[in-house]
1. Looking only at the range 36-50, which residues are exposed (fewer than 10 other Cβ atoms within 10 Å of the Cβ) and not acidic (Asp, Glu)?
2. Mind checking whether some residue in the range 50-61 is at pLDDT 60 or above, touching a Lys or Arg at 6+ places or on another chain (Cβ under 6 Å) and assigned to a helix (DSSP H, G or I)?
3. At pLDDT 90 or above, more than 22 Å from the chain's Cα centre (by Cα) and in a helix (DSSP H, G or I): is that true of ARG64 in this structure?
4. Here are some residues: SER76, SER93. Which one is outside any strand (DSSP E or B) and at pLDDT 90 or above?
Amino acid sequence: MLKTRLWLYDAVHVEQDDLICFAGSIPGPILFGAIIDSSCTVWEDDCGVKGACWIYDNFEMSKRLFLLTLVVKIISIIFNILGFVLYKAPPESSVGYDVTGETITTISTTEIRGSSEDDNRLVNGR
């Protein structure tokens, strides 16, 4: 039953990752297209219908693309700093779970008592 839950969790997790990836790729082309279109100085006009751009103002386009990149970089830096400051490491635990759901405990080897002198020599390295 636990394996089924893990499989369902992985399936949902993959779908969420795909959705986030898809949603993350939508704004980029729209923003860059709007910036490129906004720097157009001469549009094709075919019977009152706006067509393709014929001439771009290169300085205006480069300025706007630079500003967009700068704003995105500043937002990225802010979120990285917030993540660094607000991150709290999970508490260390001596109990964990493997893929099958069985409990795993750590074994302390601070004191090992051998039954013979040979066992003690192997443990102590003498």
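The values are calculated or read from the model by the stated rules, or taken from the named source; none is laboratory data. All figures in this text were calculated on a predicted structure; none of them were measured in a lab. Because the Cβ atoms are built from the backbone with ideal geometry, glycine has one as well, and the counts that use them run over all protein chains shown.
1. CYS47, GLY48, VAL49
2. Taking every residue of the range 50-61 in turn, none turns out to be at pLDDT 60 or above, touching a Lys or Arg at 6+ places or on another chain (Cβ under 6 Å) and assigned to a helix (DSSP H, G or I).
3. Details: at pLDDT 90 or above: yes; more than 22 Å from the chain's Cα centre (by Cα): yes; in a helix (DSSP H, G or I): yes.
Criteria met by ARG64.
4. Values: SER93 fails: at pLDDT 90 or above.
The match here is SER76.
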